[in-house]
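The values are calculated or read from the model by the stated rules, or taken from the named source; none is laboratory data. All of these numbers come straight from a predicted model, not from anything done at the bench. Don't worry about glycine lacking a Cβ; one is built from the backbone with ideal geometry, like all the others, and counts go over all protein chains shown. These area figures cover heavy atoms from the full protein model, side chains too; ligands, DNA and RNA do not enter into them. Shrake-Rupley method; radii C 1.70, N 1.55, O 1.52, S 1.80 Å.
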Amino acid sequence: TEQNPYWGAWRGGVQQGLLTPLKGIGPSGTRNTCATLDTNLPKWLPGKNYCGNHPHNFYLQIISETGILGILIFMSMVKMLFFKIING
């Protein structure tokens, strides 16, 4: 995990998602809250956080910026689009 160059950014995205899990930190909030993150949290994940513009993972960015509600809305949109395409 720590050999991946994006691991620190992903780790920061997980931490930001855990700060406000329901509604997220807001669009482009990763830039604003990144500098104030404790680089050792969450303790259950190995490594240290990297302070970047975004977590370099689409799903982690949605979860950290819009929370569980945002990822549920996104997943329902993808599901609806998928079924519209399949059903013609």
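Neighbours of Leu37 by Cβ distance under 13 Å: Lys/Arg scored +1, Asp/Glu scored -1, total +2.
Only one residue of Ile86, Gly47, Ile73 has its Cα farthest out toward the positive end of the dipole of the chain, where Lys and Arg carry +1 and Asp and Glu -1 on Cβ, and that residue is Ile86. Atom-type composition of the exposed protein surface of the stretch 1-56 places 58 percent of the accessible area on carbon and sulfur (1.4 angstrom probe).
Annotation note: chymotrypsin sites (Phe, Trp or Tyr not before Pro) in the stretch 1-37 located in DSSP loop regions with a Cβ neighbour count of at most 14 within 10 Å are Tyr6. Put a plus charge on the Cβ of each Lys and Arg, a minus charge on the Cβ of each Asp and Glu, and nothing anywhere else: the dipole of the chain about its Cα centre is then about 160 debye. Stretching the chain fully between Ser28 and Asn53 yields a gain of 8.2 nm (0.36 nm per residue, less the alpha carbon separation). Rounded to the nearest 10 degrees, the inclination of helix 7-19 to the longest alpha-carbon principal axis of the chain is 80 degrees.
Ligands, DNA and RNA are left out, and with a 1.4 angstrom probe the accessible area of the stretch 9-88 is 67 Å² per residue.
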